[in-house]
Amino acid sequence: MKCWYIKKSDFRLGDFFSLLNKYCFIDYSALKIRHKPIVPDPVKRDYTYRTDLSLPAGYLEILKQKRYSESTIKAYSAYFRDFMHYFSERKLDEIKGDEINRYILELINKWDITTSEQNQRINSIKFYYEKVLRKGRHIYEIERTRKEKILPDVLSKEEVGAILKATENTKHKTIISIIYSCGLRRSEAIELKIGDVDSKRMMIKITGAKGKKDRYVQLSEGMLNLLRIYYTEYKPKQWLFEGQKGLRYGAESISKILKLAAQKAGIHKRVHPHMLRHSYATHQLEQGVDIRYIQAWLGHESIKTTQRYTHVSEHNFKNFKNPLDELL
């Protein structure tokens, strides 16, 4: 059958994984599913009607005119079709604000939608009434969720170093390094072009980031040296990181190479690309960098967004003695 066999009595799963981890990515999730007890699947929402519903005139056009991202256009279109389906026997311009609130509440109670989905669904509805029908904001007062104060997950400097050391492929190491050293979003990394790297000014230009904003980030000496090694080896043509056929590197591929590197480094927590951005901001703060610089590098519009990293910074805790230490 053109494959290798290992005698069951000689097989050690841990040794097997340790060996293969050097050469390939192992999808552990597939293995875990096999050992889970078989439980009935939860009732799934049926969205087949979406393909048969046409959006109101102007809805899609205005989304595109206002240069909303493709992901936002896709989400708004899908969620507003759900809204149209729910009120299929009503004229949309006759629906009242309290009816919309009851609709959102039903989604929460029935499907336990996340706060993020709840806000996007509200935005898709408000967009129709406020932008397409040109009605005032005060007409449709839709209840928002309370803002969640979720602290970002971060890696220590030692953990980031272990991940980089475990990454032998030059392209993979360069991608992980640039996301961390520049505090980039994953989408920003794959959108980088060769011309965005300015070695004379030691800066990298981030074009069309979140909120359609451009910004410059710091280019370190170590990052520049790694980029030169990478460029010599791979010689990209247009995009700084190219996948197959010269196209942009895949977003999911970045997640996979980072997870594989974390596994090799012996890090057992869930690691994802955005965690590198969080770690960069936290480590800069711990080094005493002014938070206003960090705000500019990350591209945050409000300083309040950047200030959340003060809650996970180690030096905030190390400056104070825990009273338990005096008792033990």
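Any read-out appearing in this document is the output of simple, stated calculations on the displayed coordinates, not a laboratory observation. This is a predicted model, so every value here is computed, not measured. In this analysis, Cβ positions are derived from the backbone assuming ideal geometry, glycine residues included, and neighbour counts consider all displayed protein chains.
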Whole-Hz Karplus ³J(HN,Hα) for region 74-80, in order, using 6.51 cos²θ - 1.76 cosθ + 1.60 and θ = phi - 60°, x for Gly and Pro?
-> 5, 5, 4, 4, 5, 5, 6
Amide H neighbours of MET203 at under 5 Å, excluding residues fewer than 5 places away on the same chain, with H built from the backbone geometry, are ASP198, LEU219
Vicinal HN-Hα couplings computed from phi for region 257-267 (Karplus, 6.51 cos²θ - 1.76 cosθ + 1.60; Hz; Gly/Pro x) = 5, 6, 4, 5, 5, 5, 4, 5, 7, x, 8
Let me know the shape class of region 219-268, please: from the alpha-carbon gyration tensor, a ≥ b ≥ c as square roots of the eigenvalues, rounded when a/c is under 1.5, otherwise prolate if a/b is greater than b/c, or oblate.
-> oblate
Just in region 214-310: which trypsin sites (Lys or Arg not before Pro) are loop by DSSP and have at most 15 other Cβ atoms within 10 Å?
-> LYS237, LYS269, ARG270
